[in-house]
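Have a look at the structure below, then the notes.
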Amino acid sequence: MSILKQGWSRRQILKTTAVAGAALAAPAIWTPSRAEGKRIVVRDDGGIYTKAYGAVFYRPFQEATGIEVVGVQANAEPTAQIRSMVDAGSYTWDMAKISQPAILMLTTGDKKYLEPHGLESDPVVATLPKQYMSEYGVGNNVYTTVLAYRTDAFEGREAPKSWKDFYDVEGFDGRRALRKHPFDTIEQALMADGFAAKDVYPCDIDRAFKTLDRIKPNVEVFWTSGAQVEQMLTSGEVDLIPTWVSRAQSARTAGAPVEIVWDQNIWGLDSWSILAGTPNADACREFIKFASDVKRQAALMEYFAAGVTQPEVFDMIDAKVAQDSPTYPEHIARGIQIDAKYWLDNQAAVIERYNSWLLS
């Protein structure tokens, strides 16, 4: 989406575009002789991500180094594809933008399907907060689940401000939707039941389902995709909904009267990860360093409200733009980080119970 479509002022556009222009002037990293014939393929999320990454990362990196970067879209959690490539020693991709749970799935056990990046001491990468780093991933994007509601449904009365309010069907009457999956949903139920963010993990599943039982009769729709969420918020089919913040923002950009509750947001991390054994691992490392630069991350805000991982970005962009980002300091401070290890260990049993609950 363009900045203009988001309703930003000409001054904001000029400020952010100036950041992007400064970013594109970075010096070369590799000499032309080293880079000759080099090409890396990066799995990303497609859509706005491929468009933005092409403009801010892929093409400028090739201009600076001579190394071509090709972005390709794949499944949201492409662990099976990565295992297949590494086992066969045949690489359709060299690296991927993947979540923390996916990284754990690929590196737990005797065989590691990702390459340690070894960039912890790099001057650029080292400025990332530790919560955005792991041995096998360098954080590049934070995504988050929030409570969104239509303001026209709460005209003249108190609007919801927390998961407790979402579960209070008498005090906050309205048409509700809930995700048809336990990820984030379990955490929401526990916070609605009074759990502090620090006490959510390990999840008390029995307590969560007792809370879910309370709201189930008032759930109009169990949603399965972000596109469905956007459509429901835009059409007014629902009044309150837990959703990925990007979908609420898209509905708002399309003209829907949507407000976002950042309190108790539930956030996770996507990282750049290198496939184990790829012959282009060193080129991937150069790309990760290039893409971790604070000016480059600031330039992403020209395209969408990115969950940037370099805190200094917020000193470089307009304050109104900054407040749409999941990693705006106030939002992160009021949120809870998804415990990837908990879900790696427990997802099968919880998904089975949740599916049974949906049918009961």
field: Distance violations [Cα-Cα > 20 Å] among Lys97/Lys198; Lys210/Lys341; Lys164/Lys210; Lys112/Lys180; Lys97/Lys130
entry: Lys97/Lys198; Lys210/Lys341; Lys112/Lys180
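Counting only C-alpha contacts under 8 Å and six or more residues apart, can you give the relative contact order of the stretch 221-360 as a whole percent? Present the calculation step by step, with values, prior to reporting the outcome.
Numbers: 103 pairs, mean separation 29.1, N = 140.
About 21 percent, as a whole number.
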message: How high is the relative contact order of the stretch 131-226? Use alpha-carbon pairs under 8 Å, at least six apart in sequence, and give a whole percent.
response: 27
- line: Rounded to the nearest 5, the percent of DSSP beta bridges in the chain running antiparallel is 60
statement: Simple spin-label estimate for Ala254/Thr151, 7 Å along Cα→Cβ, in nm, reads 1.9
message: Checking the a/c ratio against 1.5 first, then a/b against b/c, what shape does the Cα gyration tensor give for the stretch 230-360?
response: oblate
query: Convex hull over the Cα atoms of the stretch 175-218, averaged projected area in nm²?
result: 3.1
message: Per residue, how large is the accessible surface of the chain? Use a 1.4 angstrom probe and give square angstrom.
response: 43
message: Of the listed values [x] 41; [y] 49; [z] 37, identify the label whose number matches percent of Cα pairs over 31 Å apart calculated from this model.
response: [z]
statement: Of every hundred units of 1.4 Å-probe accessible area on the chain, the number belonging to carbon and sulfur atoms, as a percent, is 50
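I need to check one value: relative contact order of the chain, counting alpha carbon pairs closer than 8 Å and at least 6 residues apart, in percent. The partial results should precede the final answer.
Details: 620 pairs, mean separation 94.1, N = 360.
Once normalised by length, the contact order is 26 percent.
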- prompt: Hey, what number do you get for the chain at 222 nm if only DSSP H runs of n ≥ 4 count, each worth -39500 (n - 2.57), divided across all residues, to the nearest 500?
  reply: -10500 deg cm²/dmol
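Using a simple charge model, +1 on the beta-carbon of Lys and Arg, -1 on the beta-carbon of Asp and Glu, nothing else, what dipole does the chain show about its Cα centre, in debye to the nearest 20? Could the numbers behind the result be given before it?
Values: 38 positive and 46 negative charges, 130 e Å.
Magnitude of the dipole: close to 620 debye.
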task: State the answer as a single residue: which of Met316, Leu344, Ile67 lies farthest towards the positive end of the charge dipole of the chain, with beta carbon charges of +1 for Lys and Arg and -1 for Asp and Glu, about the Cα centre.
output: Ile67
- request: Can you tell me how much longer the chain between Ile48 and Ser162 gets when fully stretched, taken as 0.36 nm per residue apart minus their C-alpha distance, in nm with one decimal?
  value: 38.1 nm
query: Could the peptides 209-220, 46-57 be put in order, highest first, of the mean number of other beta-carbon atoms found within 10 Å of their residues?
result: 46-57, 209-220
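The values are calculated or read from the model by the stated rules, or taken from the named source; none is laboratory data. Keep in mind that what you see is a predicted model, and the values were worked out from it rather than measured. For neighbour counting, all protein chains shown are included, and Cβ atoms are generated from backbone atoms with ideal geometry for every residue, glycine included. Accessible surface areas use protein heavy atoms only, side chains included; no ligands, DNA or RNA. Shrake-Rupley method; radii C 1.70, N 1.55, O 1.52, S 1.80 Å.
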